[in-house]
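These notes are about the structure you will find just below.
The values are calculated or read from the model by the stated rules, or taken from the named source; none is laboratory data. Remember, predicted model here, so these are calculated numbers, not experimental data. As a convention, Cβ positions derive from the backbone with ideal geometry for all residues, glycine included, and neighbour counts pool all protein chains shown.
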Amino acid sequence: MMHRRCLPYFVHLLRAAVGIALLCCAAIPAHATISYTVSLANRDQHRFHVTMIVPNANGHVDVRMAAWNALYQIRDFAYHVSSLAARDDSGSAVAVKIDKDTWSISAHGTLTIEYDTDWDESGPFACQLDDNHAFINPAIILMYVPERRGEDVRIAFTDAPGNWRAAVELDDANGGGGLAFTAANFDALADAPIEIGTFDEFEFQAGGRPIRVAISGRGWKRDQLTDVLTRIVNNEVGMMGEAPFREYLFLFRIGEGWGGGMEHMNSTAIDVANMGQLPGVAAHELFHAWNVKRLRPASLEPLDDQREMYTRALWFAEGVTNTYEDYVMVRTGMWDKSQLYDELAQRITEIEARPAHVWQSAEQSSLDAWFEKYPPYTEPDFSVSYYDKGELLGVLLDIQMREASDDRVGLDDLMRAMYADFAMQRRFYNDSIDIRATAEAVLRQAGVTGAAADLGPFFSRYVAGVAEIPYADFLADAGLSLESTAHSSSRSYRIVEMSTPSDLQLRIRESILAGSTAQTAVAH
Ligand SMILES: [Zn+2]
């Protein structure tokens with residue numbers, strides 16, 4: 001995303017250098033603030049009334065609604081829109097719909113567009129306006145001008161009850177306390193979920209950064225929640241080396257059922273049924289601040305929010321984030337090690353029970369993510385979850401790297417190397433190809449040579465392919481035994497520690513359970 005944002009300035013400089021700056025400037029629309037005012041008056045009808053002001057309209061403006069956001073599902077947010085009207089300096093402007101998401105408007109000067117969009121869907125992947133609160137994923141209710149996504153934006157909320165406040169990781173437009181915010185561009189605004197209502201909020205320091213919490217619901221205690229989040233933030237920041245954000249916001253809703261969590265650049269929105277579910281989801285979503293938000297597959301860039309974007313990397317972006325969810329739980333002491341073993345055994349049981357595991361690879365499951373909006377697709381005959389299989393692949397890759405390197409390097413080192421080689425260089429990685437290449441480079445730097453440094457078979461068999469995974473063999477390398485029980489039509493698995501592991505098996509097991517920090521990692 002940073003690459004795309006920088007491009008127009010780069011092009012501009014280049015053209016200036018060859019002496020056509022004036023021509024160039026004439027062709028580029030003047031830079032201005034595009035502003036949105038969102039009225040929350042119609043809470044009974046769950047209706048956001050949006051007024052969008054686009055300055056410097058120069059004859060013709062397209063405005064567009066995203067077709068997907070938050071989930072890998074085409075959801076066509078434009079069908080929630082009604083009563084669109086436009087006017088410019090000369091009075092009314094005619095808005096003509098040119099495809100399901102786009103309106104084309106002839107306008108001069110300042111273009112004002114108004115529309116209603118109705119949302120009453122709870123959870124972090126949608127929007128909701130009711131008497132209790134407003135929750136907004138901006139990309140779902142706001143239109144944008146495609147060629148002007150890079151211009152700075154302002155959003156203000158009006159007609160909220162007097163006691164409603166806002167929580168969002170954006171700059172305050174009024175210098176504190178109001179319901180108006182600014183962002184450097186539309187994408188930054190689109191990636192900042194907003195909760196407006198009467199939630200509780202507090203702040204603490206962890207991982208060297210201010211961590212903000214805005215929370216609704218019952219059954220939580222501030223001290224306990226602060227302790228849980230501090231452990232998670234410190235562990236993840238310590239492992240990766242540095243917090244990639246200036247400040248981070250957790251938006252929690254507790255007690256309204258399982259809604260899941262959604263990652264964003266500097267925040268996350270999480271809905272859970274109870275406190276017991278919260279730590280794992282928080283650990284998962286926070287890890288996305290590195291894995292997928294900044295360490296990002298090239299197949300998801302540049303963003304095309306009009307149609308499906310196909311990536312083979314979700315086994316890593318989501319699945320290995322699940323691996324770290326598990327690791328963080330055990331490494332912070334919130335799980336004992338038997339809970340980690342049970343979690344992994346349950347994932348093996350689930351995958352092995354799915355007939356689809358013999359024909360759908362982890363990479364194909366990633367490509368087919370767009371089918372997840374069709375309920376039958378998630379049934380055992382038709383798919384294997386890239387979350388589940390990726391979670392196991394992360395652990396198995398960890399074990400394989402440790403076994404090959406005499407426990408000198410593992411998955412933690414791979415994550416740090418991927419982050420340094422791609423995110424820190426503002427490059428995107430080329431799906432499994434770059435993950436494999438980086439893992440092999442980490443092994444070679446740790447002194448591993450020959451076939452042991454070749455992860456080709458691992459990736460071709462278990463990531464791109466559908467070979468039966470020899471779980472018991474992998475786990476044995478970490479001093480763990482896989483036990484199974486046959487049932488009438490399935491088999492369930494259990495993971496237990498070997499009673500007399502070898503020295504290396506024991507070291508690998510202990511390394512996985514303890515994890516490493518960027519500071520303590522073996523220099524190589
Ligand atoms: Zn995730």
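Can you give me the number of residues within region 231-243 that are within 16 Å of the ligand (Cβ to nearest atom) and of a type outside the set (A, V, I, L, M)?
1
Which one of 317, 345, 289, 282 is crowded, with 19+ Cβ neighbours inside 10 Å, assigned to a loop (DSSP other than H, G, I, E, B), at pLDDT 95 or above and in contact with a strand residue (DSSP E or B) (Cβ under 9 Å, 6 or more places away or on another chain)?
289
Scanning region 173-228 for residues that are modelled with pLDDT under 95 and in the same structural domain as residue 148 (by TED's automatic domain parsing), which turns out surrounded by the most Cβ atoms within 10 Å (Cβ to Cβ)?
Checked region 173-228; the qualifying residue surrounded by the most Cβ atoms within 10 Å (Cβ to Cβ) is 173.
Please determine whether any residue of region 415-433 is more than 14 Å from residue 297 (Cα to Cα), touching a Gly at 6+ places or on another chain (Cβ under 7 Å) and in the same structural domain as residue 460 (by TED's automatic domain parsing).
Checked region 415-433: at least one residue is more than 14 Å from residue 297 (Cα to Cα), touching a Gly at 6+ places or on another chain (Cβ under 7 Å) and in the same structural domain as residue 460 (by TED's automatic domain parsing).
Give 173, 139 a once-over and let me know the one that is over 24 Å from the mean Cα position of the chain (by Cα) and among the small types (Gly, Ala, Ser).
173
Those residues that are touching a residue at least 60 places away in the same chain (Cβ under 8 Å), assigned to a helix (DSSP H, G or I) and of a type in the set (A, V, I, L, M, F, W, C), I need them from region 480-524; list them, please.
504, 508, 512, 513, 514
Could you check region 250-265 and list, in sequence order, the residues that are assigned to a loop (DSSP other than H, G, I, E, B) and within 16 Å of the ligand (Cβ to nearest atom)?
258, 259, 264, 265
Taking the criterion of being touching a residue at least 40 places away in the same chain (Cβ under 8 Å), touching a Pro at 6+ places or on another chain (Cβ under 9 Å) and either under 27 Å from residue 329 (Cβ atoms) or outside the structural domain of residue 319 (by TED's automatic domain parsing) (or both), would at least one residue in region 461-479 satisfy it?
Yes; the residues of region 461-479 include at least one that is touching a residue at least 40 places away in the same chain (Cβ under 8 Å), touching a Pro at 6+ places or on another chain (Cβ under 9 Å) and either under 27 Å from residue 329 (Cβ atoms) or outside the structural domain of residue 319 (by TED's automatic domain parsing) (or both).
Is it the case that residue 331 is within 20 Å of residue 74 (Cα to Cα) and either surrounded by 21 or more Cβ atoms within 10 Å (Cβ to Cβ) or away from the ligand (no atom under 13 Å from the Cβ) (or both)?
No; evaluated as a whole, the condition is false for this residue.
Kindly state which helices (runs of 4 or more DSSP H) lie completely within region 384-467 and contain at least 1 residues that are within 16 Å of the ligand (Cβ to nearest atom) and closer than 28 Å to residue 505 by Cβ.
The qualifying helices (runs of 4 or more DSSP H) are 386-404, 411-418.
Of all residues in region 271-285, count the ones that are within 12 Å of the ligand (Cβ to nearest atom) and either touching an Asp or Glu at 6+ places or on another chain (Cβ under 6 Å) or more than 20 Å from residue 211 (Cα to Cα) (or both).
4
Could you tell me which of the residues 35, 39, 92 is in a strand (DSSP E or B), modelled with pLDDT under 95 and among the hydroxyl-bearing types (Ser, Thr, Tyr)?
It is 92.
May I ask you to verify whether residue 275 is closer than 17 Å to residue 329 by Cβ and in contact with a Lys or Arg (Cβ under 7 Å, 6 or more places away or on another chain)?
So residue 275 does not fit the description; no.
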